Amino acid sequence: MQLKQGDLFWGMDSNFVKQVMDETEKIDYDEGAVLFEAGAPAGYFYILIKGRIKLSIGEEGPIVYIAKDPGQVIGWSTLLGRDLYSATATCVVPTKMVKVAKDSFLEELAKVPESEALFFKRVAGMLGDRLVSVYPSVA
């Protein structure tokens, strides 16, 4: 279930999507920039617009995933009730992301149950895809 950049919010309540997008930031990151570190408080999630993000366990730990497709969610720990990030996210090349604050996003999402269900269904699909892609590395 690979999502295109705009697909994450496709079909959701338009007022909800507008409100969320009004509260996001589009940020350009340089190669080597760290979005977040494993164990740090999980206050944001990110949506990849373009670039590549390396997810690793700690700063020098093994790479567990490379996000490279527009629309991929990085920092999903924030969406699943985790207080801390489980990996470190580092830009492999210059990267453009949408940065979304966890608390305000989840608060707005809870007001629109239909959109909430659709959003978490899409996130679950993306996480399933990510898990399947890492199977070969752990086999």
Problem - Within a Gaussian network of the chain (alpha carbon springs, distance under 10 Å), most fluctuating of Ser104, Ser115, Ser56 - result: Ser104
Practice task
Quick one: angle between helix 113-138 and the longest Cα principal axis of the chain, in degrees between 0 and 90, rounded to 10, please.
Solution key: 10 degrees
Problem - Dipole of the stretch 7-128, positive direction: furthest Cα of Tyr44, Ala89, Gly128, with charges on the beta-carbon - result: Gly128
Problem - the stretch 7-128: relative contact order in percent, alpha carbon pairs under 8 Å with at least 6 residues between - result: 36 percent
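Is it possible to state the helix-based mean residue ellipticity at 222 nm for the chain, with each DSSP H run of 4+ residues giving -39500 (n - 2.57), the sum divided by total residues, to the nearest 500 deg cm²/dmol? What is it? Intermediate results must be reported in sequence, preceding the final value.
Details: 3 runs with 44 residues, N = 139.
That calculation yields -10500 deg cm²/dmol at 222 nm.
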Handout entry: Estimated FRET transfer efficiency when R0 is 25 angstrom, pair Ile66-Lys111 (beta carbons, to 0.05)
Key = 0.10
Handout entry: Unit charges at the beta carbon, dipole of the chain: most positive-side option, Leu80, Ala110, Pro62
Key = Pro62
Exercise for the section: Once you have a ≥ b ≥ c as the square roots of the Cα gyration tensor eigenvalues for the chain, tell me rounded if a/c is under 1.5, and otherwise prolate or oblate according to whether a/b is larger than b/c. Expected result: prolate
Problem - Virtual paramagnetic centre 7 Å along Cα→Cβ of Ile57, amide N under 16 Å, in the stretch 91-135 - result: 131, 134-135
Fill in the blank from the handout: Each label sits 7 Å from Cα toward the beta-carbon; between Leu127 and Ser104 the label points are separated, in nm, by 2.5 nm
Completion exercise
Ranked by GNM mean-square fluctuation in the chain (Cα springs under 10 Å), the top entry among Pro94, Pro62, Pro70 is Pro62
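All of the numbers you see were taken from the coordinates with simple rules; none came from a lab. Not measured: the values here are computed from a predicted model. Note: ideal-geometry Cβ built from the backbone for every residue, glycine included; neighbour counts use all protein chains shown.
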